[in-house]
Amino acid sequence: MDLSANIDGNVQSKLQSSGFVLQVDELTGISNKAQLLTFIRFIGGNQIINQFFCCEEMPLTTRGQHILDTLSAYLKKWNLSWNSCVGICTNGAPSMIGSIKGFVSLIQQQNPNIIRTHCFLHREVLVSKTIPVEQVLNPSY
């Protein structure tokens with residue numbers, strides 16, 4: 001058995017007995033193709049485990065339904081369901097949080113108890129765009 005399959009097996013067995021939280025972001029690389037990047041957090045034994053989960057190329061567009069389809073297929077590969085997902089963290093893009101067709105809204109139709117949060121790093125980036133560069137780089141400003 002190769003090392004990566006062993007790691008995947010260990011993670012999968014821990015996930016089967018625990019709820020999990022996903023942090024999801026979509027990005028477009030230099031190839032001009034959208035990628036779905038996902039991290040997972042879960043409890044393994046007596047510790048909280050944060051781990052890279054997947055990076056999947058988006059086949060069509062970055063609409064909420066396409067993001068859901070891509071991530072649902074990956075969860076199915078791991079024998080996981082949205083019912084075990086207790087939280088989802090995304091940025092504020094309409095494709096992620098749109099009230100009707102956004103990714104999170106579509107997940108909440110499958111699991112209404114899921115807790116949704118907005119990534120604080122995205123908030124900091126948005127704030128930093130409105131502050132003059134001199135003020136950001138000079139702590140005594």
Next item on the list: For region 15-104, state which trypsin sites (Lys or Arg not before Pro) are in a DSSP loop and have at most 12 other beta carbons lying within 10 Å of their beta carbon.
Entry: Lys33
Notebook entry, point to check: How far is the Cα center of region 82-115 from the Cα center of region 56-70, in Å?
Noted result: 14 Å
Note to self: At 7 Å along Cα-to-Cβ for each site, give me the label-to-label distance between Ser31 and Ala73 in nm.
What the structure shows: 1.4 nm
Notebook entry, point to check: What is the local net charge at Ser31, summed over the other residues whose Cβ is closer than 15 Å to its Cβ (Lys, Arg +1; Asp, Glu -1)?
Noted result: -2
Notebook entry, point to check: What is the packing order of peptides 110-116, 80-86, 18-24, taking the mean over residues of other C-beta atoms within 10 Å and listing the highest first?
Noted result: 18-24, 80-86, 110-116
Checklist line | Rough spin-label spacing in nm, given labels placed 7 Å along Cα→Cβ, for Phe39 and Ala93 | finding: 1.7 nm
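Read-outs throughout are calculated quantities, based only on the coordinates presented, and are distinct from any laboratory measurement. Just so we're clear, the structure is a prediction, and the values are computed from it rather than from any experiment. Cβ atoms come from the backbone with ideal geometry, glycine included; neighbour counts cover every protein chain shown.
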